[in-house]
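Right, one structure below, let's go through it.
The values are calculated or read from the model by the stated rules, or taken from the named source; none is laboratory data. What you see is a predicted model, and the numbers here were worked out from it, not measured in a lab. When we count neighbours, we look across all protein chains shown, and the Cβ atoms used for this are built from the backbone with ideal geometry, even at glycine. Note: accessible area is taken over every heavy atom of the protein model, side chains too, but ligands, DNA and RNA are not part of it. Shrake-Rupley method; radii C 1.70, N 1.55, O 1.52, S 1.80 Å.
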Amino acid sequence: MSLLPRAPTLDALQERYGARYKWMALFTVAFGSVAAVLSSTSFNVAIPTLAREFGLGQDKIQWAVTGFMAAMTISMLPTPWLLNRLGFRRYFLSIIALLAAASIAGSLATNFSFLVFTRVLQGVAAGMLQPLGTLSVMRLFPQERQGRAMGLLTFSIVLAPAVAPTIGGLLLDHFGWEAIFLINLPMCLIACIAAVFLIPQSQEQKTTSFDWFGVALLGLVALSSVEGVASLHQNGLLSAWTLLCFGGTLAALILFIWHARRNEHPIVRLDLFHNRSFAMGTIVSLAYGFGIYASTYLIPVFLQSALGFSATVAGMALLPGGITLALMLPFAGHMADRHSPRLITMIGLGLFCLSFILFAIMGSRVSYVELIAFTVLGRFGLAMILPSLTLASLRGMEPHQLPQSSMVVSYTRQLGGVFGVAISAVFLEWRGTVHGLTESGISSAYSETFALLAAAFCLALLAASRMRRKVP
């Protein structure tokens, strides 16, 4: 006998709530996405504390972040197949339960290895939740309302993480790093209760074979490339292990392309990339993910390690930018309905790139007011990117292509994020060693790392310029 009430039908829900239902269903999914995002964004303020607690350097402590992100990236891959197999309702409730359980376990960790393990479990749950918001928007709303719906979805997802560094800093200073793991539990509870009453019973599930080999190959691409980046600092570019990792990455990618061309139901169909906007959109997502996740990792560390701020003060410095991002998103979504999503994406990428150029120029000489201004500028650009990039990439895709295409956009963004955190941490450690651990040396190391992020956004801007101007 099930402990949950009987699942309502879609017809019953639409009859009961009318036109409001699609918004209620969207925000139910958004609560789950908020819980997943909080697992990532709130953790970064605890990195210096964890480094001291466990006696680890940046190249080791970053595994708590890259382990989460690698798991998040790989776990996205089976999402389309699991949705067909389990149905949306069972899938969503199961993943929310996994996220809550992993968060509680993480707060009880007594050694760094177990902490990384719980972060990996959190990443698995977060990755499986990530494509659902985009998929809901594309399925529930007509094209002329998708920008507004995407703007409100990203507003709801970003609003909580906008204040997460501040709340995380307060929790860290008063209760210790263990409290950071519990920050997402209220959102998990709300998402679970809402889903029980608002997500309808699933239609007849499809039972196609699962592409285990394809998932293994794409997982190998992510893991071996991250290990190769980490090996650059430890062993050098021409070491046998570094070359083996990067060679394995290239071989796995080539083998996946060969496999996908011959498999009837590959985990990613290659014909998706015949659409130029989608193909360029995945490149933009890769470079954009590199920059945004590396900056989310780097800026709190910069504020505490280079500028000497406490966790609370560092969180307060990031709060205006987070509020700007949250308030701008509905407006940016409305703009995406009225103007070219491609053009809005390019403007947003340019503003975000400019903010990192300013960080690179100023280094540790940046004042508190300038710091806030630079982060506000970057978050203003980010607000323009978030709704528009997804729409520019996915409009023009066939309905049956949406589950895979939304997953691919999320996967490439997260893969870029994994690269971004790993490369920026290793690059920062390397440049710090070159310049020395003096005040000027630390400032130079951070400036050069911010310049690296600006270069990633220049690449994203170039790819965005190649997207189709109009979608038929």
- Which FRET efficiency, nearest 0.05, do Ala97 and Met24 yield, Cβ-Cβ r, R0 25 Å? 0.70
- Item | 3J(HN,Hα) from dihedral phi, segment 75-83, Karplus parametrisation 6.51/-1.76/1.60, rounded to Hz, x for glycine, proline | 5, 5, 4, x, 4, x, 5, 5, 4
- Query: Under a plain spin-label model, where a point goes 7 Å from the Cα along Cα-to-Cβ, how far apart in nm are Asn111 and Ile361?
  - Reply: 5.0
- Excluding ligands, DNA and RNA, what is the solvent-accessible area per residue of segment 25-77 at a probe of 1.4 Å, expressed in Å²? 23
- Query: Quick one: with all protein chains in place, what share of the accessible area of the chain is carbon or sulfur, to the nearest percent (1.4 Å probe)?
  - Reply: 66
- Query: How about segment 199-292: which GluC sites (Glu not before Pro) there lie in a loop by DSSP and see at most 16 other Cβ atoms within 10 Å?
  - Reply: Glu204, Glu264
- Message: Can you give me the distance in nm between label points at Leu56 and Leu270, each placed 7 Å from the Cα along the Cα-to-Cβ direction?
- Response: 3.9
- Task: Classify segment 45-142 as rounded, prolate or oblate from the Cα gyration tensor: take a ≥ b ≥ c as the square roots of its eigenvalues, call it rounded if a/c is under 1.5, otherwise prolate when a/b beats b/c and oblate if not.
- Result: prolate
- Query: Arranged from highest to lowest average of other beta-carbon atoms within 10 Å per residue, in what order do the peptides 130-136, 387-393 appear?
  - Reply: 387-393, 130-136
- With a probe of 1.4 Å, find how much accessible area segment 388-472 has per residue, and write the answer as a whole number in Å². 40
- Quick one, can you get me the convex hull of the C-alpha atoms of the chain expressed as volume per residue in Å³? 141
- Message: Once you keep just the Cα pairs under 8 angstrom separated by 6 or more residues, what percentage relative contact order results for the chain?
- Response: 24
- With -39,500 (n - 2.57) per DSSP H segment of 4 or more residues and division by the full residue count of the chain, the 222 nm estimate, nearest 500 deg cm²/dmol, is -27000 deg cm²/dmol
- Rounded to the nearest Å, the spacing of the alpha-carbon centers of segment 60-102 and segment 210-225 is 15
- Task: Evaluate the distance, in nm, between pseudo-label points positioned 7 Å from the Cα of Trp212 and of Phe331 along their respective Cα→Cβ axes.
- Result: 5.3
- Note on the structure: The FRET efficiency for Ala251 and Arg16, from their Cβ-Cβ distance with R0 = 51 Å and rounded to 0.05, is 0.40
- Item | Segment Glu144-His400, length gained on full extension (0.36 nm per residue, minus Cα span) | 90.2 nm
